């Protein structure tokens, strides 16, 4: 088996707000292997977005605080890295795509400038003018990681700023080359008329088009890891289908690993190879997506899958998950799900709660569940 | 007594755009957003009608027209046989007791500074002379029927979870026992597990009180469970209307097919290419003649671009209305078999400004 | 009749009363907790709050103690060590030497007897500063309040009835254009011009400030109304059939009160400074009325800065401290009422206990 791109071990993130401490992510561990897509699914406030932002350390600290854990990205523990070194990892190592593309594109710059900026940074990294801590992927190939000398890296300046690319002469060979690369990336995300798009501002594009541009920007750094935080939740259904198709096609072209966050079980089913289910800050189930969906081994996953409404009125009431998500500052003892769980026994209320372990009698060894009674889950009606 | 509770005929709503000074001076015709364009539909007594569409389809505008939060530009809306499309002032206010609205945003639609009894009792205050203790008593009666404890009369909305707030909004709509409740995206802000609870409650309440629903949503699952009939809207026009099971299982209009095929389903299934429509929803400003879906439709012919298809009923399906010229040829093809038939259309960027949302 | 009802059902009435009391107490307690949270989040707010409370109570004592004393013991009692305009004649002097000159002066530096020293007539500075406090504070509070009321109501009208091409819309536009005309002049210059035209005196100065101050509240309130007006809960109220006036009172005014209060708190200090400035220039309050601005002006014209700086510093310091107190309080309030931090607080306060039993009932 290859070395994982991303290894998260025992990651815990708290928010310290006036009224108390919210345990948004608790003791989450998983691995993401090259070229795979790991989907993280969960309800609002389960900590999935916090997890996504904690990995490239984009959380605002305070109020957030990474209590403990290891986030090893291509061998580097990001949590031990000094803060000012982080830009050297982001972009060319880890990129992100967010939910609201209108907020993540700068309204004051043309699309060209925003894509070119990302490509320029990657070039600086590649040419050694401002090397990153991890090298960008070789053109769409993860297999050859090239580590620069860390001591040398520390002495180099961070990205030297040159101002918006459009103000610089467009006639030099460099500029023409950059323009060609920008066009290439816009074509990659299936924008049919990239020459027009280049000169537009973000507000002149539709939501779907903006999200394509965001994906182009994210990919142009040739990252080893792409974190997509609800990338299609703000889009309409038919547009969402287009963007999902695009991402799926790109996955086969560019072997980037993707951490895909969504609240939508359907989107995860379509996109992910593996799926992690989060509940109240805990990763309660993890495994290949077909196994988890066909044979869930945590009562919460089972309830979540059942409650997706797909019935007519004449067919009786919809099955629903009783109770509601607990307050993250006052989690129940033991397993966080036990107050709503039909399988709960006395030992479920004891601290520490169940750890993520191999589910009993599951189809494969990669199927993990944090439940003492995972064997009985298939028996829940 | 007429057969229908609501009977809308040719309802149109145009929002005029602001003109620049040069436009005004050069006597240009005022451009407008055609949010709803000549829509006719009916809602029966005790029936729930689902209205599906994507953003910018005008479904919220249509719902607000029927609730008379907007005045139609043209067309008539009959409510229990009475034309309500141009009611004003006191008459309009007293008519409102028959129609209540549950809004999309359960956080924003509850005044953060009011207590539960004040929020839920607001329609009583608006319609009747009632003392504080009367209002409190009636609110206390209604709360259990939406599944909230009676003791929560003095709480503030922020003390409730998202689902709890939506129940409060529902209680406010119920308290005057209206004839029609317009549900504007009632579940879009809720998680799957909570959604199921709210949908169950909606259906149970309808059985108990017997009012009609107009359910406006992009959530097909919600429509499937709550609605008796469903209307599909695209760019201010109805594309298809029919009984819910028939439309969702055997869609006729190419747009309905595309919408249903694009739904992500929580099942691991064929991950291959599926029937997708390309392109984006165009703008509603001065739409071109012909079928509104022509720009994205894989089955488009020249006739679609010039002649507007009217909502018509097919010979063998008496309840299902569809607005498509070629429905006889393509209507029978199930969405999943359309793979490969969809030609790749030039994916034009919409350089037009985004449509201003009519809600603002 | 009410007495009868009460007599027939005393127990029920009592228990209802008790229930009401306990519910009020819980609200009070939760309100107090919110207050404490504010204070913990921004300790400077607490400093400002304590200062404002102290300043206001001193002002109240200065005004109310003499008549109360008159009633109780037969002669006025005051917390002022001396009268504001009382000077001993002849006054105790000291010799000041500047350059080659030596001359006697009544200005005495701060001592245990005169905590802030005395001025050129031998008047106790502490007494003067304290005696000026009620007037200055009243100007700050009352003038701002009038400006807020006048401007606020105009802003309410301009914001709420702003449909174009109607009579209401025309009124709203007229209000806004009038506001613009007033706002086109720098507020201090306009106030000075009006004060100078109306002549010297307390009332003209007050009028001058009032005339320049209201337009800001029109702008502020109109902006807030426009925001609140488009909130979904206002649409919901409309859909319920509430009339415009009721919506205005129930929803709009209630929700704009917070930002207006913050602005008001900050404004009290600004008005005070403006008032003092007008007096300082010499077109405000007459010299015999103790007022901080004209004290600074008077001592400055008497060239006391060199030989008796405490006179000017005492009056100036009083202005400084008062304005600072209101600024701290207002800033703190603004922090707390900032929607982002407020949302954080609200989120922190979400209990799941309310939704849970209901949701369980659903299963």
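Coordinate-derived values only; no laboratory data. All of these numbers come straight from a predicted model, not from anything done at the bench. Ideal geometry is used to build each Cβ from the backbone, glycine not excepted, and the neighbour counts take in all protein chains shown.
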Note to self: Viscosity 1.567 mPa s, temperature 4 °C: give me the Stokes-Einstein translational D for the range C:71-175 in µm²/s, with Rh taken as the Kirkwood radius over C-alpha pairs.
What the structure shows: 70 µm²/s
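Quote the Stokes-Einstein diffusion coefficient, in whole µm² s⁻¹, for the range B:224-270, based on the Kirkwood radius over alpha carbon pairs, a temperature of 10 °C and a viscosity of 1.306 mPa s.
In µm²/s, the coefficient rounds to 138.
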Check: Dividing the alpha-carbon Rg of the range A:276-379 by 2.2 N^0.38 Å yields what?
Finding: 1.09
Check: What value does the range A:262-323 have for Rg/Rh, both radii from Cα atoms and Rh as Kirkwood defines it?
Finding: 0.99
Notebook entry, point to check: Who wins for biggest fluctuation among A:274, A:264, A:193 in a Gaussian network model of chain A, springs between alpha carbons below 10 Å?
Noted result: A:193
Margin query: Within 10 Å of each Cβ in B:94-103, how many Cβ atoms from other chains are there, averaged over the peptide?
Written below: 3
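For chain B, what percent of Cα pairs sit more than 32 Å apart?
36 percent
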Next item on the list: Of all alpha-carbon pairs in the range C:50-126, indicate the percentage at a distance above 21 angstrom.
Entry: 47 percent
Next item on the list: Neighbouring Cβ atoms within 10 Å as the yardstick, rank B:250, A:367 fewest first.
Entry: B:250, A:367
Notebook entry, point to check: For the range C:133-260, what does the equivalent ellipsoid look like in terms of its semi-axes, each the square root of 5 times an eigenvalue of the Cα gyration tensor, given largest first in whole Å?
Noted result: 32, 17, 10
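Counting each pair of different Cα atoms once, what's the Kirkwood radius of the range C:131-344 in Å, rounded to one decimal?
On the way: mean 1/r = 0.0527 Å⁻¹.
Computed over the range C:131-344, the radius equals 19.0 Å.
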Check: How are the Cα pair distances of chain A distributed, in percent, across 20 Å bins from 0?
Finding: 27, 55, 17, 1
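As a test, work out the antiparallel percent of DSSP beta bridges whose residues both lie in the range A:1-100, rounded to the nearest 5. List each step's numbers first, then the result.
Values: 19 of 20 bridges.
Close to 95 percent.
Relative contact order (percent) for the range C:131-344, with alpha-carbon contacts under 8 angstrom and 6 or more residues of separation?
That works out to 25 percent.
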Item checked: 11 Å cut-off, amide nitrogen to a point 7 angstrom out along residue A:44 Cα→Cβ, residues in the range B:136-162 -> B:161-162
Note to self: Considering all alpha-carbon pairs of the range A:212-298, what whole percent are spaced by more than 15 angstrom?
What the structure shows: 61 percent
Item checked: Footprinting exposure proxy for C:230, A:263 (fewest neighbouring C-beta atoms within 10 Å first) -> C:230, A:263
Next item on the list: Quick one: work out Rg over Rh on the C-alpha atoms of the range B:115-173, Rh as Kirkwood radius.
Entry: 0.94
Note to self: Place a point 7 Å from Cα of residue A:100 in the direction of its Cβ. Which residues in the range C:232-257 have their backbone N less than 20 Å from it?
What the structure shows: C:232-233
Note to self: Calculate the FRET efficiency for residue B:310 and residue B:86 from the Cβ-Cβ distance with a Förster distance of 30 Å, rounded to the nearest 0.05.
What the structure shows: 0.70
Next item on the list: Over all alpha-carbon pairs of the protein assembly as shown, lay out the pair-distance distribution in 10 Å bins, whole %, shortest bin first.
Entry: 2, 8, 14, 18, 19, 16, 11, 7, 4, 2, 0, 0
Next item on the list: Please work out how much length the chain gains when fully extended from residue A:199 to residue A:83, using 0.36 nm per residue of separation minus the C-alpha to C-alpha distance, in nm with one decimal.
Entry: 38.3 nm
Check: To the nearest 0.05, what FRET efficiency results for residue B:267 and residue A:375 with a Förster distance of 25 Å applied to their C-beta separation?
Finding: 0.55
Next item on the list: Ignore the peptide's own chain and count Cβ atoms of other chains within 10 Å of each Cβ in C:240-252; give me the average, rounded.
Entry: 5
Next item on the list: Work out Dmax and Rg for the range A:4-49 from the C-alpha atoms and quote the Rg first, both in angstrom.
Entry: 13.0, 42
Notebook entry, point to check: Along the three principal axes, how long is the range A:18-131 when you take its alpha carbons, biggest first, rounded to the nearest angstrom?
Noted result: 43, 33, 31
Check: How far is helix B:132-142 tilted, in degrees, relative to the longest principal axis of the Cα atoms in chain B, given as a value from 0 to 90 rounded to the nearest 10?
Finding: 50 degrees
Note to self: If a paramagnetic tag sat 7 Å from the Cα of residue C:168 along the Cα-Cβ line, which residues of the range B:67-96 would have the backbone N under 11 Å from that point?
What the structure shows: B:89
Margin query: Need one value for A:285-292: mean number of C-beta atoms belonging to other chains within 10 Å of its residues' C-beta atoms.
Written below: 1
Next item on the list: Let me know the Kirkwood hydrodynamic radius for the range B:1-153, please, with Cα pairs as the basis and the value in Å to one decimal.
Entry: 18.4 Å
Margin query: Tell me the relative contact order for chain A as a rounded percent, counting alpha carbon contacts under 8 Å between residues six or more apart.
Written below: 21 percent
Check: Using a Gaussian network for chain A with springs between C-alpha atoms less than 10 Å apart, which of these wobbles most: A:21, A:357, A:238?
Finding: A:238
Margin query: Using the basic label-point model (7 angstrom from Cα toward the beta carbon), what is the residue C:32 to residue C:102 distance in nanometres?
Written below: 6.4 nm
